[in-house]
Each structure stands twice: as structure tokens, then as C-alpha cells.
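What follows is a set of notes on a single structure, which appears directly below.
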Amino acid sequence: MNDTEVREVDVVVIGAGQAGLSSAYHLRRTGFEPERDFVVLDHAPGPGGAWQFRWPSLTYGKVHGMHALPGMELTGADPERPSSEVVGEYFAAYERTFDLRVRRPVDVRAVREGAGGRLLVETSAGTWSARALINATGTWDRPFWPRYPGQESFRGRQLHTAQYAGPGEFAGLRVVVVGGGASGTQHLMEIAPYAAATTWVTRRTPVFREGPFTEDVGRAAVALVEERVRQGLPPRSVVSVTGLPLNDAIRRAIADGVLDRQPMFDRIVPDGVEWDDGRHVDADVILWATGFRAAIDHLAPMRLRAAGGGIRIDGTRVVSDPRIHLVGYGPSASTIGANRAGRAAVRDIRRLLAGERFAVESAA
């Protein structure tokens with residue numbers, strides 16, 4: 001089949017990370033056949049979703065809350081191995097076990113309205129026509145870089161978490177780490193033994209969470225994110241509302257002065273950063289651990305954004321277009337949330353397609 005031909009399927013799944021594979025599993029489990037009824041498109045070179053791009057020093061034992069994919073546990077993993085290798089191998093085995101037939105590397109360029117109420121998914125490997133779409137593209141491809149006065153004047157190096165390769169490259173350097181999430185604290189704790197000096201700055205005062213992360217705590221956090229997306233606001237991450245776990249490593253870093261948070265600087269100067277009160281910190285590197293945004297530019301032709309700047313969703317379904325589901329977005333942007341979202345999206349799509357078929361049969 002050549003790439004100029006439009007291929008018809010019931011469902012296109014974009015992305016083969018945790019959310020995409022969970023969705024494909026539930027499609028398979030409920031009777032959809034890969035390639036005939038649905039197709040999974042992934043732009044990455046191999047299995048593993050965003051995990052395959054994580055820095056080598058992020059070993060599996062340091063990963064917070066990696067939840068197994070539905071139907072197949074991740075067992076016997078060496079905690080000292082890089083998480084990129086462990087999860088990549090696990091995802092590859094999962095794809096083989098359930099015969100998900102992920103197509104890669106395929107770049108999705110645009111999703112548009114097609115004929116007969118179908119969606120056209122335009123890609124580097126041709127065009128698919130679908131009755132429903134599950135978007136599971138995550139955030140890794142859209143690192144967020146804040147803008148600050150003087151940023152272009154900085155003579156040192158600026159990089160984002162997405163470019164972080166490990167602590168060794170910061171040996172003997174003065175490093176400013178920006179960001180109050182898990183990545184920021186992990187970077188600081190890794191870099192501190194190598195760097196000449198580290199400075200931690202955040203916009204908001206970090207909140208450290210004591211005690212276990214219970215189901216009630218998780219549900220309350222997810223509910224806050226869900227409310228934002230129902231209102232059509234850009235989602236915040238679940239981590240941003242749960243706080244940072246106060247474990248032994250964090251306690252040591254606080255006691256050692258590594259996690260000594262400073263308020264956000266006001267400007268960047270050629271040799272460092274400055275505050276309006278006159279303080280100055282010399283820096284060779286600014287590391288932006290400032291998170292990511294949803295990678296959904298390919299959905300722009302569908303005009304899904306609400307007035308608040310986000311996409312209004314109910315569960316996983318886009319309120320303005322029930323053919324489109326966002327999984328791994330907002331409240332489902334966690335490994336356990338992605339699993340649940342995949343199941344919910346497939347359940348709703350089955351209902352949508354069943355109603356569509358009924359309407360066609362009734363008209364006949």
C-alpha cells in the first residue's frame with residue numbers, strides 16, 4: 001500500500017507511551033484488530049515512550065511511581081539499571097505480547113475534518129481516515145522555556161531537563177537550577193557533588209509532602225486537575241498539586257544545604273542572575289527544570305481550544321468533539337492515570353461507534 005493512499009480504520013492512536021499502549025491494549029481486548037480496525041502511530045525511533053530519552057543516571061530505582069501497563073507486570077527489574085533501558089525493554093515486550101503493531105517512526109503533522117464525519121490524520125507515512133482518535137502524545141516534545149529579561153546576554157550554557165545527560169558534564173561549574181518539581185530536585189542532588197556551586201530557584205515555595213501517598217491524596221490531587229480541564233484551562237501537572245515526597249534523600253539534601261530554595265531571580269546577566277534587592281549569583285550554567293506542555297499542535301486545525309487557553313475535556317473526551325479523546329493529558333498525565341484513561345477512552349469510543357452504526361442502520 002503506497003503512502004498516497006488514504007487508509008481507513010475505526011480508530012487512530014497517536015503515541016505509544018504509557019497512555020497510547022494502554023489504549024491500544026483495551027482496543028485489542030475489546031475486539032478491535034490492529035491495522036484493520038485501529039492503528040498506533042509513534043514518532044519515536046523505538047519503544048519506551050518518553051522514558052527512552054531520560055538521562056542515564058536516572059536509574060529504575062530512582063523512579064517515582066512507575067505503574068505497570070494493563071495486563072502485564074514489570075517484574076525483576078534491576079534498580080541500578082537506567083530507567084530508559086528497563087522501561088524501553090518492557091514496552092517492547094508489551095507491544096510484542098499483545099501484537100499491537102506500532103508503526104514508527106511516524107510524525108503526525110495534522111488532524112483535520114474529513115468527509116462523511118471522519119477525521120483525516122496526515123502523517124509522514126501517509127494519511128489515515130478514522131471515525132475516532134485517541135491522542136496520547138504526552139509532553140516530552142514540548143519543553144517549556146520561561147522568558148526572563150537579559151536571557152540572550154548570558155555567556156554561559158542554558159539547557160532544559162529534556163537535554164540533561166547526567167551530572168558529570170557540570171564538574172567544576174557554577175550551576176543555577178530553575179524549577180520546583182521532581183526533576184529540579186533530582187538534578188540538584190545529582191549535580192551538587194560535581195559542581196563548584198549550585199543555586200536552586202523557584203517561582204513558588206516548594207511544598208514537601210510528609211507521609212505516604214494514599215489513594216485519597218491521589219484522588220484529591222487528580223480532582224483539582226480535572227476541574228481545570230473541565231473549565232477549558234491549561235492543565236497543571238498532578239505533581240504540582242501533590243507536592244514533593246519528603247524521603248530520606250530529600251531530607252539529607254535539605255540538611256546539606258543543596259535544597260536551599262531561593263525566590264525566582266528578576267533578570268539574567270552575562271555572568272549570572274540577579275534580584276531586584278541587589279543580590280547576584282555567578283553562574284556558568286542555567287538548567288531549566290521547568291516542565292513541559294502538552295504536545296498537541298497537530299490538533300490545531302480542529303480548533304479545540306476553549307477561551308481559557310486549554311481544551312475542555314470530560315473524562316478523556318473532548319467536549320466540543322466527542323470523536324477525539326486526550327489520554328495522558330491533565331488528570332491522566334501519570335502512569336496509573338494513563339492506564340485508566342486508556343480504558344475509559346476505549347469504552348466511550350465503543351459507545352460512539354455503536355451509536356453511529358445504529359444511526360446508519362436505522363437510516364437504511
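Throughout, read-outs are computed from the coordinates displayed, never taken from laboratory work. All of these numbers come straight from a predicted model, not from anything done at the bench. FYI the Cβ positions are ideal-geometry reconstructions off the backbone, even for glycines, and counts take in every protein chain you see.
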Original post:
Along the charge dipole of region 1-141, which of ALA136, GLN52, SER83 sits closest to the positive end, that is, farthest toward it, with unit charges on the beta carbon of Lys, Arg, Asp and Glu (+1, +1, -1, -1)?
Top reply: ALA136
**OP:** Any chance you could run the full-extension gain for TRP145 through MET264? It's 0.36 nm times the residue separation minus the Cα-Cα distance, nm to one decimal.
**Re:** 41.4 nm
Original post:
If you stretched the chain out fully between ASP314 and THR97, how much longer would it get, using 0.36 nm times the residue separation minus the C-alpha to C-alpha distance?
Top reply: 75.0 nm
Original post:
Given the Cα-Cα distance of LEU159 and ARG36 and 0.36 nm per residue of separation, how much length would full extension add, in nm?
Top reply: 40.0 nm
